[in-house]
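The values are calculated or read from the model by the stated rules, or taken from the named source; none is laboratory data. Owing to the predicted nature of the structure, the values given are computational and were not obtained by experimental measurement. All Cβ positions, even for glycine, are placed from backbone atoms using ideal geometry, and neighbour counts span all protein chains on display.
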């Protein structure tokens, strides 16, 4: 065997020995290139508008796209990120390794949960929403971002799904369906914002030229945005105690028994009858 062939075999062995690239890693790689950078920039503008109005003590980011800069506009200082990547020791937003379908937090312990493109890559997106609802405090808020299948981004996914990885390999869920799922969990959608009306081209110069489509799309076809951001509030029904109404106890016989109307003179003394609690001779 020649030296070149031996070196190629050694390199191939190293490639085979390396860990496979996860779906989350591919999604993070997409977010650092175009058009991922343009999509996340549009989402960050919406988050900077919504997060300052959501108050509390703890904020939780979930997903492969956890980025402290995405939630920097929030007034909540205690922030934690749950991701599938290696844990990051960041003082502003420390991260832990976990799953969106099994969050390592107690029930009713988090004020704001941010799910950024999480539902598209879950085997059971309902379970991820149920976990977010579980950890939210009453009147807490859920902020989620997702891809709209009924848009230019959705059409692009239909063409690229078989030969490309994330995000095109994910399961896009419409905002209408997401709101229905949230309603079943007792979460009321208070804000819905549609974003990114441009085709997801990978050339930044072409994306800049099509920037005018953002304002036109918001006016002419507002429901055809490629990305949506939904803010939902956890509603908890309060129970009002009602004083019970005690009904009078009924007797065994519901009607009054009839009494004899006359006495027969047989020479025998009739037994006394009871009337009104007194004995009558």
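Each row is one residue, and each column tells you yes or no for (1) within 13 Å of residue 225 (Cα to Cα); (2) out of contact with any strand residue (DSSP E or B) (no Cβ under 9 Å at 6 or more places or on another chain); (3) modelled with pLDDT of 95 or more.
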{"position": "155", "(1), (2), (3)": "yes, yes, no"}
{"position": "178", "(1), (2), (3)": "no, no, yes"}
{"position": "184", "(1), (2), (3)": "no, yes, yes"}
{"position": "193", "(1), (2), (3)": "yes, no, yes"}
{"position": "201", "(1), (2), (3)": "no, yes, no"}
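Does residue 73 meet the test of being touching a residue at least 24 places away in the same chain (Cβ under 8 Å) and touching a helix residue (DSSP H, G or I) at 6+ places or on another chain (Cβ under 8 Å)?
Values: touching a residue at least 24 places away in the same chain (Cβ under 8 Å): yes; touching a helix residue (DSSP H, G or I) at 6+ places or on another chain (Cβ under 8 Å): yes.
It is true that residue 73 is touching a residue at least 24 places away in the same chain (Cβ under 8 Å) and touching a helix residue (DSSP H, G or I) at 6+ places or on another chain (Cβ under 8 Å).
Residues of the stretch 134-153 that are surrounded by fewer than 19 Cβ atoms within 10 Å (Cβ to Cβ) and in contact with a strand residue (DSSP E or B) (Cβ under 7 Å, 6 or more places away or on another chain): 137, 138, 139. Say whether the condition of being without any contact (Cβ under 8 Å) to a residue 24 or more places away in the chain and not in a helix (DSSP H, G or I) is met by at least one residue in the stretch 110-118. The answer is no; no qualifying residue exists.
Here is a yes/no grid of residues against (1) closer than 14 Å to residue 146 by Cα; (2) buried (at least 18 other Cβ atoms within 10 Å of the Cβ):
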site	(1), (2)
49	no, no
63	yes, yes
77	no, no
84	no, yes
92	no, no
117	yes, yes
130	no, no
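Of the residues 72, 31, which is over 30 Å from residue 139 (Cβ atoms) and modelled with pLDDT under 95?
Values: 72 fails: over 30 Å from residue 139 (Cβ atoms).
Answer to the selection: 31.
The residues of the stretch 190-233 that are in contact (Cβ under 8 Å) with a residue 60 or more places away in the chain and assigned to a loop (DSSP other than H, G, I, E, B), listed by number, are 196, 198, 200, 201, 202, 203, 225, 226.
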